[in-house]
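Input: a single structure, listed below in structure tokens.
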Amino acid sequence: MKQDTKNIFLILVSLTLVLSCTLSEEEDAMERLKTTMEQKGTYEKNFQERTSILRNQLHLSSDIGRKWAAAHRLYEEHLSYDIDSAFVYSSMLSSLADTKEKMVLASGSKVTCLCALRMYSQAEQILNAIDTVGFSDNERQAYYKAHIALYTALGNEFDKDEISSKENTQKRYAYQELLCNLPTLSTKERIYIKGKQLMLEECYDQALDSLHRVLKMDNVTSSRLHTTYAIANCYKAKGENEKYRRWLAETAILDFQRPNRQYRSLYDLALCLYEDGDYAKAGKFIQVTMTDAIACKHDTRIVNAAAAQMIINAAMEESADRERILLISFSVLILLALTIISASLAKVNSQRKRLKTLMKQTKVYNIELAKKNAIISEANLLKEKYMFKYMYISANFIKELDEYRKELRHTYKEKGTDALIAKLREPEYMYMQYKSFYKLFDEIFLGIFPDFSDKVNGMLKEGKQINIKHKNTLPTEIRILAVIRLGITESRKIAEFLNTSVNTVYTYRTKMRYDSIAGPEKFEEDIKNIDC
């Protein structure tokens, strides 16, 4: 009997150790992810140094082959970091390609960039224009990979119906089969593709065996992150949520080390945390995802992250409301308890001390409650203020359009077609509209960033500060910087937003960069970091 009891105890201890190890793997991955995110700047600095060396090789080399190789490396580096730059290098690959194989690779790189920008019809046009007659195995490999990239992107589209997604998945599967039959494909790639196909066939255990084999064979961060993400999705399909979160965290670590700014790992991890009710961490992760997606200019990731951020923010607001109600209810209960205690035990000295302690606790709770109520009230007032302003602007704009339409009709009836055309050519109406827009933009922006102009002047050299004539109006230079602070960084888009010429925007930006204390390379990054 004693031996049986001892055996049962050992089994329970073993099970406890196994469970604690499983939990510690996920917790360890999350802790390492936290540390990695704190070192994000270091990884991005390494990326800049690495790409700077490649750019020197590209521009200084006279050998066309070396230039093509440098451009191809730069394309691969920027594909997950900045789609616009990757697109530039993919175009450069086309101009440097001196063989049919390189031309196919260049076309495939352009297709991948277009997919990231959700320009699928243009990507299909490029693929359809490729002449496959007399293709070598290497050329077919590049050609099939371009199709796989297209159908993978189409299959991941959030707004596609189930039938379309299934069709695109089947097309991707077909091209993966063709790719696996090529002798030029490496063993590692062949095993990886087979693992992905086993996932589609719902053979998850065999898929995991293949993917873990690939992971042991691969030491390159850029390819390992694809394998770890596939492993995570395999565990998700199996319903093993703890392992799913663990491998998402492993993938996110590799994404930051790469650095890869078009990732889905942190986005998926944020959704997991949201479903678990950890809204604070989910909100932090989705905000980082959104920031990186915008910086990378990856349209699909931006749309997905924005939708998720709205859901998580709504949940956080709901959680804050519940917490406020809970705090109020708790305070009321404490006050009720204090009243009963003070009435029944007023004459007992020991219980007087206890009553004083409880009253101090209640005061602390009330102060915390008042602070949280003040924060919520301030947020609600700001939301209501700008919501009303938006509704007022919309209604007023509709009214002005109607007045303008009536005026045009009256001009036509009274003075005829020539007068109507002359009226339409008058720039005054649009000038007044943009003037109102500038005034409103300045008002709203300064409501959120009241000391923006002072901070900008603090970044400029002595004697180069911008003259602020009116307290509530932004000069053109600072208005351009305001738009950059809001996340619009391309001169063309800034010019469109402010209804000015690209040359004007470029001139002002260049001047302020060289007038800045930090220098031209760091000035606009400091502008983006100005707190509201």
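The values are calculated or read from the model by the stated rules, or taken from the named source; none is laboratory data. It should be emphasised that the depicted structure is a prediction, and the values quoted were computed from it without experimental measurement. We place every Cβ from the backbone using ideal geometry, glycine too, and count neighbours over all the protein chains shown. Surface areas here come from the heavy atoms of the whole protein model, side chains and all, with no ligands, DNA or RNA. Shrake-Rupley method; radii C 1.70, N 1.55, O 1.52, S 1.80 Å.
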Kindly establish whether LYS166 is under 23 Å from TYR235 (Cβ atoms) and at pLDDT 85 or above.
no
Leading residue by the ranking (modelled with the lowest pLDDT) among those in region 425-445 that are aliphatic (A, V, I, L, M) and touching a helix residue (DSSP H, G or I) at 6+ places or on another chain (Cβ under 7 Å)
LEU440
Per the filter on region 230-256, residues among the aromatic types (Phe, Trp, Tyr) and in contact with a Lys or Arg (Cβ under 7 Å, 6 or more places away or on another chain) are TYR235, TYR244, PHE256
If the Cβ limit is 7 Å and pairs must be 6+ apart or interchain, which residue in region 456-470 that is assigned to a loop (DSSP other than H, G, I, E, B) pairs with which residue that is modelled with pLDDT under 90 and of a type in the set (Asp, Glu)?
LYS461/ASP515; LYS464/ASP515; ILE466/GLU477
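Yes/no matrix, rows are residues, columns are (1) in contact with a strand residue (DSSP E or B) (Cβ under 9 Å, 6 or more places away or on another chain); (2) over 30 Å from ASP84 (Cα atoms):
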site	(1), (2)
PHE452	no, no
GLN465	no, yes
ILE484	no, no
ALA495	no, no
TYR508	no, no
PHE523	yes, no
Answer yes or no: is there a residue in region 214-228 that is without any contact (Cβ under 8 Å) to a residue 60 or more places away in the chain, part of a helix (DSSP H, G or I), closer than 21 Å to ARG32 by Cα and among the small types (Gly, Ala, Ser).
yes
Pairs, please: C-beta under 7 Å, at least 6 apart or cross-chain, first residue touching a residue at least 60 places away in the same chain (Cβ under 8 Å) and in region 513-532, second basic (Lys, Arg)?
PHE523/ARG513; ILE527/ARG485; ILE530/LYS455; ILE530/ARG485
Condition met for SER109 (free of Cβ contacts under 8 Å to residues at least 60 places away in the same chain and touching a Phe, Trp or Tyr at 6+ places or on another chain (Cβ under 6 Å))
yes
Only residues in region 247-270 that are open to solvent by 20 Å² or more (accessible area, probe 1.4 Å) count as the first member; pair them with residues that are acidic (Asp, Glu) and part of a helix (DSSP H, G or I), Cβ under 7 angstrom, at least 6 apart or cross-chain, and list the lot.
ARG261/ASP292
Take THR500 and tell me if it is among the β-branched types (Val, Ile, Thr), free of Cβ contacts under 8 Å to residues at least 40 places away in the same chain and out of contact with any helix residue (DSSP H, G or I) (no Cβ under 8 Å at 6 or more places or on another chain).
no
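Whether any residue in region 89-96 is open to solvent by less than 60 Å² (accessible area, probe 1.4 Å), modelled with pLDDT of 85 or more and not in a helix (DSSP H, G or I) is what I want to check. Spell out how you get there, then give the answer.
At the first step, the residues of region 89-96 found to be open to solvent by less than 60 Å² (accessible area, probe 1.4 Å) are 89-94, 96.
Among the residues that remain, those that are also modelled with pLDDT of 85 or more are: 89-94, 96.
From what is left, the residues that are not in a helix (DSSP H, G or I) are none.
Among the residues of region 89-96, not one is open to solvent by less than 60 Å² (accessible area, probe 1.4 Å), modelled with pLDDT of 85 or more and not in a helix (DSSP H, G or I), which makes the answer no.
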Every residue in region 90-108 that is among the hydroxyl-bearing types (Ser, Thr, Tyr) and under 19 Å from MET119 (Cβ atoms), please.
SER90, SER91, SER94, SER107
In region 107-192, which helices (runs of 4 or more DSSP H) lie fully inside it and hold 3 or more residues that are over 28 Å from ASP292 (Cβ atoms) and open to solvent by less than 70 Å² (accessible area, probe 1.4 Å)?
137-155, 162-180
Number of the condition not met by LEU440 [criteria: (1) over 26 Å from the mean Cα position of the chain (by Cα); (2) under 28 Å from CYS296 (Cα atoms); (3) loosely packed, with under 15 Cβ neighbours inside 10 Å]:
(2)
Members of region 200-213 that are at pLDDT 90 or above and not in a helix (DSSP H, G or I)
CYS203
Look through ILE130, ILE163, ILE148 and report the one residue that is without any contact (Cβ under 8 Å) to a residue 12 or more places away in the chain and of a type outside the set (D, E, K, R).
ILE163
